[in-house]
Amino acid sequence: MNPQLARLYQIAQQQERKIIGLMSGTSLDGLDIALCLCSGSGRQAAVEVLHFITLPYTDAFKADIKSVFSRKDADLEKVCLLNELVGLRHAEMVLEALSQWGVKPEAVDAIASHGQTIFHAPQSLHGQAGYPNATLQIGDGDHIAVKTGIITLADFRQKHLAAGGEGAPLAVYGDYLIFSATGEDRLMLNIGGIANFTYLPGDKDAGKVFSTDVGPGNTLMDQYIQRHYPGLYYDQDAAIAKSGKADKKLLEALLDNKFFDADFPKTTGPELFSMAYLLKAQAQSNTSGLSHEDVLATLCHFSAQGIVQAVKKTTGSVQGLRIIMSGGGLHNPLLVQLLKEALPEVRFGTTDELGIHPDAKEAVLFALLANETLAGEPINFGPREGVPSVCMGKICLPA
């Protein structure tokens, strides 16, 4: 037997597995690296975060990725080159993190790599007859496995697509395993580039669980900052947005899109919520002369409204609901304030209260997905569209 396959079999039989979860989102700020101790599987799964770090991308690396990110006219040679380069860079960053933590690579059982999304194209967005749902993450898993010497699971979203999903969001699988609580309806709200949430019923019935994208989180605000404020990548502490005033006409134009009327669950990305989307809304509402401060304030209200509308439409009554937040948007005080003002009956908190740092949550969830593929079996989420009952992640061997 191939010794790597024997090693894989051994890992699957262990009571505990040390798995590194990797996540790099559409904000392109860096790589989240979480070393997790996973035990059990399915409803008996448990996870402990041993170490967590975010290693920042260099400006040159960000610029490289942005040159192909969410662009229909991307240079195919550059995409090909970056697929390998991102894998190598992520492997180097894993080794750097392990060195900082004093952990040897051979002490790690597996790596779970999300990769770097560069284009997301569900059929509902591309609208091309005869073509399926599609998504593309670069950062080849074989390069990570070979360079680190650690078995790597990668390309998680492709199995979701193959089984009938839209490739996103995937948080539902990990959220259900570690955040469900008997007697409390929870909504796990992640505000990344795109905002999404998972609904977890208090009776833990997997058939009622669902996860959906709801609209932009930080993506439009970040894109606007990067275009109009050279050297900045985001509006820190919403300082600029808080100095402006939301424009009602522009907000209405931003919300005037069929995505917000589509049934749940659904998925989207910066391919829709782009600068072109904003410019079209400004032209439609005759608000092209707004100050940067007013535009950013309006974009913040736009993100908040998309979340609030989705919460109300999907949960019916928010009475007794608990919203538990994570993601970069958690650090936007204006966005959080708007959510709390619009949903005064809801109890808000963060994943910190449940033992996982909000910035680490996505990386931890991918470690859990890898754990289920290695040692578990598909959880039955019922026959609903968008949540196929599958295990995900291609297995890449070091040799």
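The values are calculated or read from the model by the stated rules, or taken from the named source; none is laboratory data. Since we're looking at a predicted model, the values are computed, not measured. All Cβ positions, even for glycine, are placed from backbone atoms using ideal geometry, and neighbour counts span all protein chains on display. Quick note on the areas: whole protein, heavy atoms, side chains included, nothing else; ligands and nucleic acids left out. Shrake-Rupley method; radii C 1.70, N 1.55, O 1.52, S 1.80 Å.
Values for this structure:
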item	result
Matching entry among Leu272, Leu250 (being closer than 27 Å to Ala74 by Cβ and either among the charged types (D, E, K, R) or in contact with a Phe, Trp or Tyr (Cβ under 9 Å, 6 or more places away or on another chain) (or both))	Leu272
Count of the stretch 314-332 residues which are loosely packed, with under 14 Cβ neighbours inside 10 Å and of a type outside the set (Gly, Ala, Ser)	1
Unmet requirement for Thr182, which otherwise passes all of (1) of a type in the set (S, T, N, Q); (2) at pLDDT 95 or above; (3) open to solvent by 60 Å² or more (accessible area, probe 1.4 Å)	(2)
Subset tally (residues that are within 18 Å of Gln236 (Cα to Cα) and open to solvent by 40 Å² or more (accessible area, probe 1.4 Å)) for the stretch 295-310	1
Where a residue in the stretch 241-265 is in contact (Cβ under 8 Å) with a residue 12 or more places away in the chain and of a type outside the set (Val, Ile, Thr) and its partner, wherever it lies, is assigned to a helix (DSSP H, G or I) and open to solvent by 100 Å² or more (accessible area, probe 1.4 Å), with Cβ under 6 Å and at least six apart	Ala253/Gln284
Filter result for the condition that a residue is within 30 Å of Asp205 (Cβ to Cβ) and touching a Gly at 6+ places or on another chain (Cβ under 6 Å), over Ala112, Ala45	Ala112
Subset of the stretch 49-93 (residues that are open to solvent by 30 Å² or more (accessible area, probe 1.4 Å), of a type outside the set (Val, Ile, Thr) and in a strand (DSSP E or B))	Leu50, His51, Phe52, Pro56
Filter result (surrounded by 13 or more Cβ atoms within 10 Å (Cβ to Cβ) and more than 21 Å from the chain's Cα centre (by Cα)) within the stretch 1-36	Gln4, Arg7, Leu8, Ile11, Ala12, Gln14, Glu16, Arg17, Lys18
Any hit, the stretch 213-221, residues being under 14 Å from Gly386 (Cβ atoms) and surrounded by 24 or more Cβ atoms within 10 Å (Cβ to Cβ)	yes
In the stretch 160-169, the residues that are touching a helix residue (DSSP H, G or I) at 6+ places or on another chain (Cβ under 9 Å) and open to solvent by 10 Å² or more (accessible area, probe 1.4 Å)	Glu166, Ala168
Residues satisfying the stated conditions in the stretch 287-310, i.e. touching a Lys or Arg at 6+ places or on another chain (Cβ under 7 Å) and either without any contact (Cβ under 8 Å) to a residue 40 or more places away in the chain or hydrophobic (A, V, I, L, M, F, W, C) (or both)	Ala297
Candidate set from the stretch 37-48 (those that are among the aliphatic types (A, V, I, L, M) and surrounded by fewer than 18 Cβ atoms within 10 Å (Cβ to Cβ)); member that is farthest from Cys391 (Cα to Cα)	Leu37
Within the stretch 365-392, considering residues that are among the β-branched types (Val, Ile, Thr) and touching a Ser or Thr at 6+ places or on another chain (Cβ under 9 Å), the one nearest to Asp263 (Cα to Cα)	Val387
Some residue of the stretch 114-131 being over 19 Å from the mean Cα position of the chain (by Cα), open to solvent by 30 Å² or more (accessible area, probe 1.4 Å) and farther than 30 Å from Ala276 by Cα	no
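Table: residues versus (1) touching a residue at least 24 places away in the same chain (Cβ under 8 Å); (2) among the charged types (D, E, K, R).
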{"residue": "Gln319", "(1), (2)": "yes, no"}
{"residue": "Glu341", "(1), (2)": "no, yes"}
{"residue": "Lys361", "(1), (2)": "yes, yes"}
{"residue": "Ile395", "(1), (2)": "yes, no"}
